[in-house]
Amino acid sequence: MLEVDNPLDLLQYAGRTLGISDWVLVDQPMIDAFAQTTGDHQWIHVDVARAEREAPVGKTIAHGYLVLSLLPRMNQQIYKIRNRKRSLNYGLNKLRFMSPVPSGARIRLHQKIKGVESVKGGYQIAFDAHIEIEGVERPALVAEPLTLVFV
């Protein structure tokens, strides 16, 4: 894990990979819990028998937004800013779901710094992120998440 004292220290890593997270298992109980929380019960996510018969990958797939929601969990393994008051997710400049994540697959985050800008009370950090699916060439998603860090 990369540890820096303040957000500006991240500028020296612009364009370079900050790190890669540990693998996260996306299993059917996780997918079902997400469906319950969001109310998104499309059969492609929750109907195992139908997905075995009809889904292109032969099994259920994770919701794209479930995969996206795991970004902060994986991000915490990549870098840490020691001298900060708080951090907030600010949004995304870009998001594309590139490949389905089948139930039982493992995913991990690859993250780069795109830029650091001064904002009132802190900094806005832009990242280039992609979430890899183990054994699959194309990523599950590519995104440009934004984080506000207050110092």
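Structural remarks
- Residue satisfying condition, being more than 15 Å from residue 127 (Cα to Cα), modelled with pLDDT of 95 or more and surrounded by fewer than 18 Cβ atoms within 10 Å (Cβ to Cβ), within set 104, 91: 104
- Residues of segment 24-47 satisfying the condition of being surrounded by 15 or more Cβ atoms within 10 Å (Cβ to Cβ) and not acidic (Asp, Glu): 24, 26, 28, 30, 31, 34, 35, 44, 45, 46
Residues checked against (1) out of contact with any helix residue (DSSP H, G or I) (no Cβ under 7 Å at 6 or more places or on another chain); (2) closer than 22 Å to residue 129 by Cα; (3) at pLDDT 95 or above; (4) of a type in the set (Gly, Ala, Ser):
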{"residue": "3", "(1), (2), (3), (4)": "yes, yes, no, no"}
{"residue": "6", "(1), (2), (3), (4)": "yes, yes, no, no"}
{"residue": "10", "(1), (2), (3), (4)": "yes, yes, no, no"}
{"residue": "17", "(1), (2), (3), (4)": "yes, yes, no, no"}
{"residue": "24", "(1), (2), (3), (4)": "no, yes, yes, no"}
{"residue": "35", "(1), (2), (3), (4)": "no, no, yes, yes"}
{"residue": "43", "(1), (2), (3), (4)": "no, no, yes, no"}
{"residue": "50", "(1), (2), (3), (4)": "no, no, yes, no"}
{"residue": "53", "(1), (2), (3), (4)": "yes, no, yes, no"}
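- Between 53, 96, the distinction of being of a type in the set (Lys, Arg) and free of Cβ contacts under 8 Å to residues at least 12 places away in the same chain belongs to 53 only.
- Of residues in segment 56-79 being touching a residue at least 40 places away in the same chain (Cβ under 8 Å) and among the polar types (S, T, N, Q), the one surrounded by the fewest Cβ atoms within 10 Å (Cβ to Cβ): 77
- Residue 43 meets the conditions (1) without any contact (Cβ under 8 Å) to a residue 12 or more places away in the chain; (2) closer than 22 Å to residue 1 by Cα; (3) among the aromatic types (Phe, Trp, Tyr) in every case but one. The failed one is (2).
- Segment 24-39 residues that are acidic (Asp, Glu), paired with ones that are at pLDDT 95 or above and in a helix (DSSP H, G or I) (beta carbon under 7 Å, 6 or more apart): 32/46
The values are calculated or read from the model by the stated rules, or taken from the named source; none is laboratory data. Here the structure is a predicted model, which means the values were calculated and not measured. Glycine also receives a Cβ, built like all others from the backbone with ideal geometry; neighbour counts cover every protein chain displayed.
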